[in-house]
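The values are calculated or read from the model by the stated rules, or taken from the named source; none is laboratory data. What you see is a predicted model, and the numbers here were worked out from it, not measured in a lab. Cβ placement follows ideal geometry from the backbone for every residue including glycine, while neighbour counts extend to all protein chains displayed.
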Amino acid sequence: PIKAQLAQKLIDAGYLHYSKFGKFCPVSLHNGDCFPPPFGPDKSPCTVIYRKYIYYLADEEARNEFIKNPMFYAHQSPPKSLIPAKIAIVGPPKSGKTTAANRIVQEMGCVRISLGDAIRYILEKQRHTILGKEMQEVLIKGKEILPETAVRCLEVALMNAKCQTRGFILDGFPLTKKHVELLVEKGIIPFKLFELECDVTECTIRAMKDRSDLKRPYPLPDSPEAIAYKNATYQHEIMPVRQWYTEVHKNWMALNAKSNKWLIWDRILNETAAVTKKIQTYLERKSFNKAASIADLCISPQELSNRLGEYVHYCPVSLTLRDELVDCSADTKTDYIAEYRGRYYRMTGPKELELFLDDPERYAPLEPRKLLPPPNRRPHRRTEAEAKAMFPKPIEFAGYCPVTYLDGGKKYECLVLGQQEFAVEYRDKLYFLLNEEARE
């Protein structure tokens, strides 16, 4: 063991060197952590010398564990690319957003930032810039700060070195569809957005407890009436935000704010770490020109559609191995989609995805061995609205399900009427199937 200050001096003088782990803790890496320990003024690293290298350990327990078996930890693979965490926590007033954000900051060493923090940062640190002068003028005149100006402040605040290296947590933002549009315009897309769901009764009870705190420097607008109004406003404004991130980026996650706070913190940490590991794996495989899964990478449907490979929505593994045309367009998630040579390929399930990742050249070569049939000879899913719009096109097989009839040995009792919501168009003919399984 050696003191951190002395270790840094020895490194600066060239007597010793950083290990291949840098300032990552090798013990924490072995345990599955993907973030370096949040060293700072309040937390000094525990350093160890081993064979001309300095190893940084997260705490005394990790240092003792490393000293017991240094070769075991020193010979593991080096850490993957450092990915700054980008998450957001939203919820009604008194749902515990700031408490959860502060706890995550302690664990990960990232920056908690709210819209108010961003505005104050500009007024204090960037007051001589054009944006700073514009903000001062708005406040002096007593005008309202427009969402466009507030998001510009946030964009500048996120350029902070710590935000760029360790990441950030947006506390209570975005709250409206306008905020979402502005964030997308600036390219600010959180990996995960956590919504702390809490009913107005629980929020009011928490506010009343806070009102009895004698350490509060000044009164706040947290009366039962104010909380009820804020909650109603939040519930109205958050609906399009929730819908956008759920449908477009699929990174929205709801948590019960009334559950144990340790459970909430643990869920947020685990989800953030899981997404970060997927991004690290994606970047690592891409660097070696391998196929990589794009699950949880916030790929929008528009980008997915623009970059689909030659098999479009059909699974190349099913086509190659079983000569099956499996249409994956109904799956709105990106769990079973892989990227290879800059194109996206959809798979039927986890088994097909694993096969594709292991040998993408077999299923998506430069010159495909098996081609899709022409578009007019492929079966196409049709929604109920699309089927109605095709009227007066006749329904083949008198509206009965052909799959049920054929699987039942063409018996009379197996003639079952199909459903309009499970329609399929094939060779310019329209069929109704009994259910989704029959349509597949």
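Residues satisfying the criterion are present in region 376-383 (criterion: surrounded by fewer than 17 Cβ atoms within 10 Å (Cβ to Cβ), in contact (Cβ under 8 Å) with a residue 40 or more places away in the chain, over 21 Å from the mean Cα position of the chain (by Cα) and assigned to a helix (DSSP H, G or I)).
For residues that are assigned to a loop (DSSP other than H, G, I, E, B) and either crowded, with 21+ Cβ neighbours inside 10 Å or among the hydrophobic types (A, V, I, L, M, F, W, C) (or both), tally how many sit in region 20-37.
Residues of region 20-37 assigned to a loop (DSSP other than H, G, I, E, B): 20-25, 31-37.
With the extra rule that they be either crowded, with 21+ Cβ neighbours inside 10 Å or among the hydrophobic types (A, V, I, L, M, F, W, C) (or both), the set shrinks to 21, 24-25, 34-37.
Of the residues in region 20-37, 7 are assigned to a loop (DSSP other than H, G, I, E, B) and either crowded, with 21+ Cβ neighbours inside 10 Å or among the hydrophobic types (A, V, I, L, M, F, W, C) (or both).
Residue-wise test of (1) among the β-branched types (Val, Ile, Thr); (2) farther than 30 Å from residue 361 by Cβ; (3) touching a residue at least 40 places away in the same chain (Cβ under 8 Å).
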site: 241; (1), (2), (3): yes, yes, yes
site: 251; (1), (2), (3): no, yes, yes
site: 272; (1), (2), (3): yes, yes, yes
site: 283; (1), (2), (3): no, no, yes
site: 286; (1), (2), (3): no, no, yes
site: 302; (1), (2), (3): no, no, no
site: 306; (1), (2), (3): no, no, no
site: 312; (1), (2), (3): yes, no, yes
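Residues in region 43-56 include none that are touching a residue at least 60 places away in the same chain (Cβ under 8 Å), assigned to a strand (DSSP E or B) and out of contact with any helix residue (DSSP H, G or I) (no Cβ under 8 Å at 6 or more places or on another chain). Among the residues here, residue 83 qualifies as under 30 Å from residue 176 (Cβ atoms) and either hydrophobic (A, V, I, L, M, F, W, C) or surrounded by fewer than 22 Cβ atoms within 10 Å (Cβ to Cβ) (or both).
Among (1) assigned to a helix (DSSP H, G or I); (2) hydrophobic (A, V, I, L, M, F, W, C); (3) within 24 Å of residue 374 (Cβ to Cβ), where does residue 312 come up short? The one condition residue 312 does not meet is (1).
Note on region 160-188: among residues that are over 21 Å from residue 121 (Cα atoms) and touching a residue at least 60 places away in the same chain (Cβ under 8 Å), the one that is surrounded by the most Cβ atoms within 10 Å (Cβ to Cβ) is 180. Could you grab the pairs with beta carbons closer than 7 Å, sequence gap of 6+ or different chains, first residue in region 397-411 and at pLDDT 85 or above, second one among the small types (Gly, Ala, Ser) and surrounded by 17 or more Cβ atoms within 10 Å (Cβ to Cβ)? The qualifying pairs are 399/418; 400/418; 401/418; 401/438; 403/438; 404/438.
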